[in-house]
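Peer 1: One structure, pasted below without further comment.
The values are calculated or read from the model by the stated rules, or taken from the named source; none is laboratory data. What you see is a predicted model; the values in this text were computed from it and never measured. Ideal geometry is used to build each Cβ from the backbone, glycine not excepted, and the neighbour counts take in all protein chains shown.
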């Protein structure tokens, strides 16, 4: 089945630094990839929709200058958390759909801790 | 935008009993409703889904029902097993565009 590979799975960074998270679609082309944020014991909150070759669309309340999304190819989308602060600590997860498959596949998630 | 509400937030059942989780949605244009199971620290896994042109779908011990008029859909798990313990999320989407998730239900199946 469709697989989305996400890296890193876990990262700790200092306040003020930037962190890049990658999601790759394996064996299929993902023209659209969704980025979610999940706080402990809470639901997945859609942050933005990443479209290959064009600008991402952000949900209301999500700072586009802080969460930079790049979808340069049909198999790779990246989320960069810039100038990270402790409140950015969360579980970030991407999701994409193989048009030949049914439903969306999630990446394995990235647990970000900002100290 | 779409608003998905999910109940209950926690559900505890005895092994072998049935479990029902309910969701409501607000956008009548939503036409695809997946259910995901998420174990602690892991990615959500699609367990069953339903499209708006169908009222019910079943896959072994899992079934989903949809009432378009009332804008609600439910997940039914029969003969629950301890390995069914996890957090379950419902979601709603319009033609596979943005997915909006419910708040999640933590299911605990007691052996």
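Peer 1: Does the stretch A:59-96 hold any residues that are touching a residue at least 60 places away in the same chain (Cβ under 8 Å), closer than 22 Å to residue A:15 by Cβ and within 14 Å of chain B (Cβ to nearest Cβ), and which are they? Before you say what the answer is, go through the steps one by one.
Peer 2: So the first thing to find is which residues in the stretch A:59-96 are touching a residue at least 60 places away in the same chain (Cβ under 8 Å), and the list is A:80-86, A:92-96.
Still in the list and also closer than 22 Å to residue A:15 by Cβ: A:80-86, A:92.
Passing the criteria: only A:92.
Results for (1) part of a loop (DSSP other than H, G, I, E, B); (2) within 14 Å of chain A (Cβ to nearest Cβ); (3) at pLDDT 95 or above, shown as yes or no for each residue.
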{"position": "B:49", "(1), (2), (3)": "no, yes, no"}
{"position": "B:54", "(1), (2), (3)": "yes, yes, no"}
{"position": "B:58", "(1), (2), (3)": "no, no, yes"}
{"position": "B:63", "(1), (2), (3)": "no, no, yes"}
{"position": "B:66", "(1), (2), (3)": "no, no, yes"}
{"position": "B:76", "(1), (2), (3)": "no, no, yes"}
{"position": "B:103", "(1), (2), (3)": "yes, yes, no"}
{"position": "B:107", "(1), (2), (3)": "no, yes, yes"}
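For (1) in a strand (DSSP E or B); (2) touching a strand residue (DSSP E or B) at 6+ places or on another chain (Cβ under 8 Å); (3) at pLDDT below 95, each residue gets a yes or a no:
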position: A:15; (1), (2), (3): no, yes, no
position: A:29; (1), (2), (3): no, no, yes
position: A:34; (1), (2), (3): yes, yes, yes
position: A:42; (1), (2), (3): no, no, yes
position: A:60; (1), (2), (3): no, no, yes
position: A:64; (1), (2), (3): no, yes, yes
position: A:71; (1), (2), (3): yes, yes, yes
position: A:79; (1), (2), (3): yes, yes, no
position: A:84; (1), (2), (3): no, yes, no
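Peer 1: Please verify whether residue A:46 is within 14 Å of the chain's Cα centre (by Cα) and away from every other protein chain (no Cβ under 11 Å), treating the condition exactly as stated.
Peer 2: Numbers: within 14 Å of the chain's Cα centre (by Cα): yes; away from every other protein chain (no Cβ under 11 Å): no.
So residue A:46 fails the test.
Peer 1: Another question, then. For residues that are within 22 Å of residue A:97 (Cα to Cα), in contact (Cβ under 8 Å) with a residue 12 or more places away in the chain and surrounded by fewer than 20 Cβ atoms within 10 Å (Cβ to Cβ), tally how many sit in the stretch B:28-46. Quick ask: steps written out before the conclusion?
Peer 2: In the first step, residues of the stretch B:28-46 are kept if they are within 22 Å of residue A:97 (Cα to Cα); the result is B:29-39, B:41-46.
Applying the additional criterion that residues be in contact (Cβ under 8 Å) with a residue 12 or more places away in the chain yields B:29-39, B:44, B:46.
Next cut, surrounded by fewer than 20 Cβ atoms within 10 Å (Cβ to Cβ) only: B:29, B:31-32, B:39, B:46.
So the answer is 5.
Peer 1: Looking only at residues that are within 8 Å of chain A (Cβ to nearest Cβ) and buried (at least 22 other Cβ atoms within 10 Å of the Cβ) in the stretch B:81-99, which one is nearest to the chain's Cα centre (by Cα)?
Peer 2: B:89
Peer 1: The conditions are (1) more than 13 Å from chain A (Cβ to nearest Cβ); (2) without any contact (Cβ under 8 Å) to a residue 60 or more places away in the chain; (3) buried (at least 17 other Cβ atoms within 10 Å of the Cβ), and residue B:19 fails exactly one of them. Which is it?
Peer 2: Condition not satisfied by residue B:19: (2).
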